[in-house]
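Below is one structure, written out as structure tokens; comments come after it.
Laboratory data are not the source of any read-out in this text; all were calculated from the coordinates shown. Quick caveat: nothing in here was measured; it's all calculated off a predicted structure. Cβ atoms come from the backbone with ideal geometry, glycine included; neighbour counts cover every protein chain shown.
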Amino acid sequence: MSWQQFGEQWALKGYVVEPETKLRSKIPDVTTSQYKAYLKGYQEGKSEYCKQDPFVLGRNGKIYYGICNDIDRMYLDEYWRGKNARAKR
């Protein structure tokens, strides 16, 4: 798997981006170009992930890590609205 694919898969799971220093603490030999490839893939995956309906995400009981908060400030509110609807079933 390439670094770009890794970044994309990381985002598609809903995880927030790993800062370069944190990623290097886990994988010390990460190069700057590998990290840039990770970021490129991450942005692609994030774009795809954030197309999901946050209400449905919450209603289905999925965990949301905050990946879309900078794109849509209502995303988190809608997620919790769905989460609360699930709890009332």
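Where in region 28-55 does the amide nitrogen come within less than 12 Å of the point 7 Å from the Cα of Glu20, taken along Cα to Cβ? Zone members listed by number: 30-39. Fully extending the segment from Gln43 to Met1, taken as 0.36 nm per residue of separation minus the present Cα-Cα distance, adds 13.4 nm.
Lys-Lys pairs in the chain that are eight or more residues apart or on separate chains and whose Cα atoms lie under 14 Å of each other come to 4. Qualifying chymotrypsin sites (Phe, Trp or Tyr not before Pro) in region 1-74, where qualification requires a DSSP coil assignment and no more than 12 other C-beta atoms within 10 Å, comprise Tyr65.
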